[in-house]
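All remarks here apply to the structure that follows.
The values are calculated or read from the model by the stated rules, or taken from the named source; none is laboratory data. These numbers come from a predicted model, not from an experiment. Cβ sites come from the backbone with ideal geometry, for glycine too, and all protein chains shown count toward neighbours.
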Amino acid sequence: MKRRKLKDNLAERRSARTAFWVVIVAAVTLEATSLIQTYYAQKNIKEQAGLRAQTQLEYTRLNILDIIDQAESAVRNSIWIAQWCLQFQDSLSRVTYRVVNDNPVVMGSTVALMPGFSKRYPLFAPYTCRVGDSLALRSLATEEYDYPSQEWFTEPVKQDAGYWSEPYIDTGGGDVLMTTYSVPIKDRQDRTAAVLTADIALDWLIDMIGDIKIYPHATTVMISRSGQFMMSRDREMMRSTLIDIVNSMRDHRDFQKLDHAMKAGQTGSTTIKYDGDEYHVFYAPIVKTGWAMCIIVPSEDIYGSIRRMGLWVLLFQVLGLALLILILNTYFKNQKKFNALNEKKERLQGELRIASNIQMSMVPKTFPPFPDRHDLDLSASIVPAKEVGGDLYDFYIRDERLFFCIGDVSGKGVPASLVMAITRTLFRNVSSLQNSPMKIVTAMNDSMSEMNESNMFVTFFCGVLDLHNGKMHYCNAGHNAPLILTDDIQFLPVEPNLPLGIMKGMPFVEQEVQLNYDDAIFLYTDGLTEAENINHELFGEERMKEVLHERRSAQGHMEAVQAAVSEFVGDAPQSDDLTMLFLHYIRPGEEGSSERHLTLHNDINQIPQLATLIESIAREKQLDQALAMSLNLALEEAVTNVILYAYPPKIDGTVDIDATIRKDSLQFVITDKGSPFDPTVVPEADTTLGVEDRPIGGLGIYLVRKLMDSVEYEYTDGKNILTLTKKL
Amino acid sequence: MEVFINEEANATVARLVGRLDTAVSQDVSSALQPLMDAASGTVILDCSQMSYISSSGLRIFLGIRKEAAAKGGRVIVRNLPDTIRQVFMMTGFLNLFEIQ
């Protein structure tokens, strides 16, 4: 009991371990799959985002360049007029008017003279600008403004080239964000004489980049050369949060890198972290103006969907694993119950197996059962439908008689098997004292009827075959009629009688049949004739006879019938026990042996023929010389006896010598029709006597007995039959 | 069977060659008559070339032995092959003869 508990625990622990590993493996596989999936999805989305942003940036950049080109062209196209007008300073305002009037993108324009260039006006800067739908002319040469110190003036002069100013809020014309393009104007002496400018409003730019919404929370900003954000004042309020973020980003190491990259006019993208959040920044420069445009996208916008998907996947994974654990748990619990049930079944089956072994050991199972006998070939088989069955057969030889039987207990399984055991025991007990099958059957019936409380009965057939003469006595107790195989196959005539165990004192009739050499008897139970195939057809007596028609050994018949039944039945389950017994009565020495025959006349001169016979046998069996001489001597003495004494003098008589050569023995049957004489009863010669007392005769028969293993005499049908046997 | 009889110094020697079975026993018995006659002295039976003996042969041997016993002579059996020695042993003849 303790051991079983230990075993259970072990099994449980083993199952738990298995379950654990199944869950672990499932979890790892799921997780790995989703990680790989996420990785590639993220990579793909990132590439897509980059592409989108770059496309947008390029589109915007081209738009901006278009405007800028227009402004630059407007200025460039007016340079020659401005140069020409340097002498007529009052007409310079006309130049500015023209620039503004001819170019819708230009908001304002001025030609500012270098201080000291004009004798008349130390500072001179007529300025035309749009006010509403009309143009207004102003002068920038005021004390407060001090245009020569303005960036738009100083830088182009310094660089001696066209220059785009830093964006600025124009206070004069309605608080708009502007930028100015200015170029130096040279006089004839190639001295810088003035600066021609065109102002451009950047509101459209702000609107344009404000409209870029590649992601819900994406922000597009334009950064000027000095790092200022370009936006109008009203929008500044709305974007204060972003400004804060980006402003604080400025100090960030990553941002500085970005800033640097943008200023270097590079296109690209980078990732920066701010306050725990991650942002992707895509940027592109506008080289002409020194601006940089960048789209800032929170990572959440790009990867949000993937992260949400990941969360869902994770949720389902957890649910799935939980379900798996639940299923495994239930499975192992059921397995435990199943195992317990199985164990019980196995124990029961083990016991049945033992019972089956015991039962099978009750019937003779070694074939051929009598290897020393050459007058009998017998085989039997029993195939129970269940582990144990109610069929039986038995046979044994006592006093040169073969006792054999076959029986079928009503019912199947364990109860039938018990009755079978009793029946077989009774048969052995009763037949050990009785030679008559009728008396055996009667005694068995009385005994079984007395104790038959379960009302089980047995159909039974009992036979006793006298192996000397082939006479078979038999008694049937309600069993199927056996087959007798002579030249053809017929049912043995049987009195039906009642089965065993029905009522005490029932009469049974004994019958008799003469078996000739080569005749055979086939016993069977109805498990053979009533074997059913799947169509519920019966194997039947005709098929049985047909199989037995061919000539085979007893064992061969067993196998052939079994094979025929198996083939007929097919996949149908065996419905009843199947038991058979085949006995073949054969002429002794017929199988595996050879024979020699010799007929001599009662003439002593024919004696040397015996030597010739023995020589041929000795050659065949490769006998040594001493043994050959012993056989010769014994045979000669026996035959001499007949020649000299069996027939009256001068009367011709014969002596037949039949030699049978077997594997392990030699037999000589010496037959004559002379006067009866039994040499086996002649008193033994005394070989210890001295010379004087020694009789001259009597040694012949002494030698025969001494040299052979058995000497048997029989007088039948007027014949002396002397059988000499020598074992090899 | 062939029988050769020689007179040796103080003995009559019979050499038996071949099979001594019932069929030839009558002839052999006659051929050995000189030994019966010489049974008062020493008689030697040389069996070295004998291959078989039956009870009738044994009977001849016994006859010579009885004759010698009656006349006070000696019978010596010489050179018995194993197979024939076996028969002598079985029948107690080894004790009846002087075996050389």
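See the values below:
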quantity	calculated
Per-region count, the stretch B:25-57, residues within 10 Å of the chain's Cα centre (by Cα) and either within 19 Å of A:I614 (Cβ to Cβ) or basic (K, R) (or both)	1
Residues that are under 17 Å from A:G700 (Cβ atoms) and either in a strand (DSSP E or B) or of a type outside the set (A, V, I, L, M) (or both), drawn from the stretch B:28-66	B:S29, B:Y52, B:I53, B:S54, B:S55, B:S56, B:G57, B:R59, B:F61, B:G63
Long-range neighbours under 9 Å by Cβ, at least six apart or interchain, first residue over 22 Å from A:Q228 (Cα atoms) and modelled with pLDDT under 90 within the stretch A:178-200, second among the aromatic types (F, W, Y) and not in a loop (DSSP other than H, G, I, E, B)	none
Residues of the stretch A:683-728 that turn out to be within 13 Å of chain B (Cβ to nearest Cβ), in a loop (DSSP other than H, G, I, E, B) and not hydroxyl-bearing (S, T, Y), as a count	14
Residue that is farthest from A:S182 (Cα to Cα) [pool: residues in the stretch A:99-154 that are touching a helix residue (DSSP H, G or I) at 6+ places or on another chain (Cβ under 9 Å) and surrounded by fewer than 13 Cβ atoms within 10 Å (Cβ to Cβ)]	A:R120
Criterion (touching a strand residue (DSSP E or B) at 6+ places or on another chain (Cβ under 6 Å), under 24 Å from A:K439 (Cβ atoms) and either modelled with pLDDT under 90 or aliphatic (A, V, I, L, M) (or both)) met by exactly one of A:L528, A:L500	A:L500
Candidate set from the stretch A:100-140 (those that are small (G, A, S) and free of Cβ contacts under 8 Å to residues at least 24 places away in the same chain); member that is nearest to A:Q89 (Cα to Cα)	A:A125
Which listed residue is under 24 Å from A:T687 (Cα atoms) and aliphatic (A, V, I, L, M), from B:L20, B:L32	B:L20
Restricting the stretch B:67-100 to residues that are within 17 Å of B:A14 (Cα to Cα) and in a helix (DSSP H, G or I), the residue that is farthest from the other protein chains (Cβ to nearest Cβ)	B:E67
Only listed residue being buried (at least 22 other Cβ atoms within 10 Å of the Cβ), more than 14 Å from every other protein chain (Cβ to nearest Cβ) and acidic (D, E), chosen from A:D672, A:D658	A:D672
Sole exception among (1) within 27 Å of A:D372 (Cα to Cα); (2) within 14 Å of chain B (Cβ to nearest Cβ); (3) small (G, A, S) for A:S665, by number	(2)
Selection from the stretch A:14-44 of residues that are surrounded by 15 or more Cβ atoms within 10 Å (Cβ to Cβ) and either over 29 Å from the mean Cα position of the chain (by Cα) or under 30 Å from A:E166 (Cβ atoms) (or both)	A:T38, A:A41, A:Q42
Qualifying residue in the stretch A:348-368 (condition: surrounded by 12 or more Cβ atoms within 10 Å (Cβ to Cβ), among the aromatic types (F, W, Y) and modelled with pLDDT of 85 or more)	no
Top-ranked residue in the stretch A:49-99 [being aromatic (F, W, Y) and free of Cβ contacts under 8 Å to residues at least 24 places away in the same chain; ranked as nearest to A:T270 (Cα to Cα)]	A:Y59
The stretch B:19-50, residues that are within 8 Å of chain A (Cβ to nearest Cβ) and either of a type in the set (D, E, K, R) or touching a strand residue (DSSP E or B) at 6+ places or on another chain (Cβ under 7 Å) (or both)	B:R19, B:D21
Qualifying residue in the stretch B:54-66 (condition: without any contact (Cβ under 8 Å) to a residue 40 or more places away in the chain, surrounded by fewer than 19 Cβ atoms within 10 Å (Cβ to Cβ) and over 30 Å from A:Y645 (Cα atoms))	no
Long-range neighbours under 6 Å by Cβ, at least six apart or interchain, first residue over 19 Å from B:S55 (Cβ atoms) within the stretch B:16-37, second outside any helix (DSSP H, G or I)	B:V17/B:E2; B:V17/B:Q49; B:P34/B:I5; B:L35/B:T12; B:L35/B:A14; B:L35/B:V43
Breaking point among (1) of a type in the set (D, E); (2) within 21 Å of B:A23 (Cα to Cα); (3) assigned to a helix (DSSP H, G or I), for A:D656	(3)
Selected residue (criterion: farthest from the chain's Cα centre (by Cα)) from residues of the stretch A:610-653 that are away from every other protein chain (no Cβ under 14 Å) and part of a helix (DSSP H, G or I)	A:S616
Residue in the stretch A:519-536 that is in the same structural domain as A:T423 (by TED's automatic domain parsing), in a helix (DSSP H, G or I), of a type in the set (A, V, I, L, M, F, W, C) and over 23 Å from A:M420 (Cα atoms) present	no
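To keep it simple, each residue is scored yes or no on (1) in contact (Cβ under 8 Å) with a residue 40 or more places away in the chain; (2) touching a Ser or Thr at 6+ places or on another chain (Cβ under 9 Å); (3) of a type in the set (S, T, Y).
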residue: A:M629; (1), (2), (3): no, yes, no
residue: A:Y645; (1), (2), (3): no, yes, yes
residue: A:I661; (1), (2), (3): yes, yes, no
residue: A:E714; (1), (2), (3): no, yes, no
residue: A:D717; (1), (2), (3): no, no, no
residue: A:I721; (1), (2), (3): yes, yes, no
